[in-house]
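Chemist: Mind looking over this structure? Questions follow.
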């Protein structure tokens, strides 16, 4: 009754699986289809946004670099013109004449707001000066601290020290261009200087206001796109029209900055985010439409695939139920080329391996029982003879032999168990030739035939006890079959054990290394057929091999 109850419980669980599998599979397939699709959608949106952002950044970077080149060209042109002016001035000329000559460079207004010819000495002296009229008026109105009124020229001029870079650099023969502005009223002026004859300097205040028009033309017709020139302090040096208006600054903007290539100046490109990322909104709408269609197709495919998967899954469940009942011959019978077919094939292989393992277990029990029964029966009979006063020492000798056989069999079974569980080798540097000779000497008293050892071995890192066990097993096995002699040859990393017995037929030379395997080539030898299997596994643990070549067993380490 207990067995019937267990079987009914298993059948009930299988029925529950069959009833609910369709719903579960449909749910799983829907989630499997939609969740990755949602993940892909998020990833695609992210990639689209990144791609468009990169495009905007690349466009703004290109525009910023073009603006930087424009600013550099503006400074280069101004420096070049100032060098030309420096070649025109002369230290010994009349100051009024020099000033009139300089006035021709600033009026009508051009690049420079002011041009000065300065004699560089401990106390610098302005030899000639010229200023734009409006700029001169602004100087008079603002009266900045770094300027003073020069009665000779009736203008406000800069107060420089000979240590200021604007004078010290030209005195060394270098061109100097400041990084910060010298603003006067509405004028954005940049101090620059070039060397003149006699280590003097021509100093000018470059007008940066014209850069506004240049930056405007570069910004183009894009709505509210602006270019701003700033120094490292964040001060605005020049900007396109409208860049600094409160309305423009209040709009969220997408911006990018690039170095001008002069001092710490930067060009900042700004665009309203709504305009810069307009293509992103359009891409999102198109992507959402595409993902909607894809989601509908995914749901349909999930339903179709669910039906195709359901049938083999049920077959697998039924076969698993039969295996659970003890029917180890049960198989799914599914033949398909897809992954489910591979799963069913793997399941059938597992069932076959389980069936084979069950058979091996039965054979193992039968074999061990047989091997144990023979010496135990012999021992029992010998003891019975002793009780009846028959046999004497001969009977005790047979009992001793049977007990030795049992102990050896148990030890071999324990060795097999240890090897299958995994053992750690106690490696040490060992002379292989010395080890082999010592192992052979332990068997010499038992040898009924001539036993010789020749050759010399290499010094190897190995487990002495385990290799000695292998050598003893091979020599002992050879002594069982030998007719007149056993030869052991050691060469470097190799040990060869040869007897003059019948040898192992070619078709059995691999099978003899299986557990409990025996080949009948003469009188039945004692033993359970485990020794050679153990020997090969020990050789393999040392990274070596053990092979049979008829009458010769070769151990390579």
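The values are calculated or read from the model by the stated rules, or taken from the named source; none is laboratory data. Everything numeric here is computed off the predicted structure, so don't read it as measured data. Ideal geometry is used to build each Cβ from the backbone, glycine not excepted, and the neighbour counts take in all protein chains shown.
Chemist: For residue 452, indicate whether it is over 17 Å from residue 535 (Cβ atoms), within 52 Å of the chain's Cα centre (by Cα) and not in a loop (DSSP other than H, G, I, E, B).
Modeler: no
Chemist: Kindly check whether there is at least one residue in segment 266-278 that is over 29 Å from residue 48 (Cβ atoms), modelled with pLDDT of 80 or more and out of contact with any helix residue (DSSP H, G or I) (no Cβ under 6 Å at 6 or more places or on another chain).
Modeler: Yes, the conditions are met somewhere in segment 266-278.
Chemist: Being in the same structural domain as residue 514 (by TED's automatic domain parsing), part of a loop (DSSP other than H, G, I, E, B) and touching a residue at least 12 places away in the same chain (Cβ under 8 Å), is that true of even one residue in segment 490-499?
Modeler: Yes, because at least one residue in segment 490-499 is in the same structural domain as residue 514 (by TED's automatic domain parsing), part of a loop (DSSP other than H, G, I, E, B) and touching a residue at least 12 places away in the same chain (Cβ under 8 Å).
Chemist: Quickly run through segment 456-489 and pick out the residues that are in contact (Cβ under 8 Å) with a residue 60 or more places away in the chain and closer than 14 Å to residue 557 by Cβ.
Modeler: The answer is 460, 462, 463, 466, 467, 469, 470, 471, 474.
Chemist: Can you list the helices (runs of 4 or more DSSP H) found entirely within segment 324-443 that contain at least 3 residues being surrounded by 12 or more Cβ atoms within 10 Å (Cβ to Cβ), modelled with pLDDT of 70 or more and not assigned by TED's automatic domain parsing to the domain that holds residue 471?
Modeler: Where helices (runs of 4 or more DSSP H) fall fully within segment 324-443 and carry at least 3 residues being surrounded by 12 or more Cβ atoms within 10 Å (Cβ to Cβ), modelled with pLDDT of 70 or more and not assigned by TED's automatic domain parsing to the domain that holds residue 471, they are 339-387.
Chemist: Inside segment 165-201, can you point out the residues that are outside any helix (DSSP H, G or I), over 21 Å from residue 72 (Cβ atoms) and either over 60 Å from the mean Cα position of the chain (by Cα) or at pLDDT below 90 (or both)?
Modeler: 183, 184, 185, 186, 187, 196, 200, 201
Chemist: Additional query: From the list 126, 71, which residue is buried (at least 20 other Cβ atoms within 10 Å of the Cβ), over 28 Å from residue 261 (Cβ atoms) and modelled with pLDDT of 70 or more?
Modeler: Selected residue: 126, the only one of 126, 71 that is buried (at least 20 other Cβ atoms within 10 Å of the Cβ), over 28 Å from residue 261 (Cβ atoms) and modelled with pLDDT of 70 or more.
Chemist: Could you check segment 444-463 and list, in sequence order, the residues that are touching a helix residue (DSSP H, G or I) at 6+ places or on another chain (Cβ under 8 Å) and surrounded by fewer than 17 Cβ atoms within 10 Å (Cβ to Cβ)?
Modeler: 446, 447, 448, 449, 455, 456, 458, 459
Chemist: Determine whether residue 85 is more than 30 Å from residue 237 (Cβ to Cβ) and at pLDDT below 85.
Modeler: In short, no.
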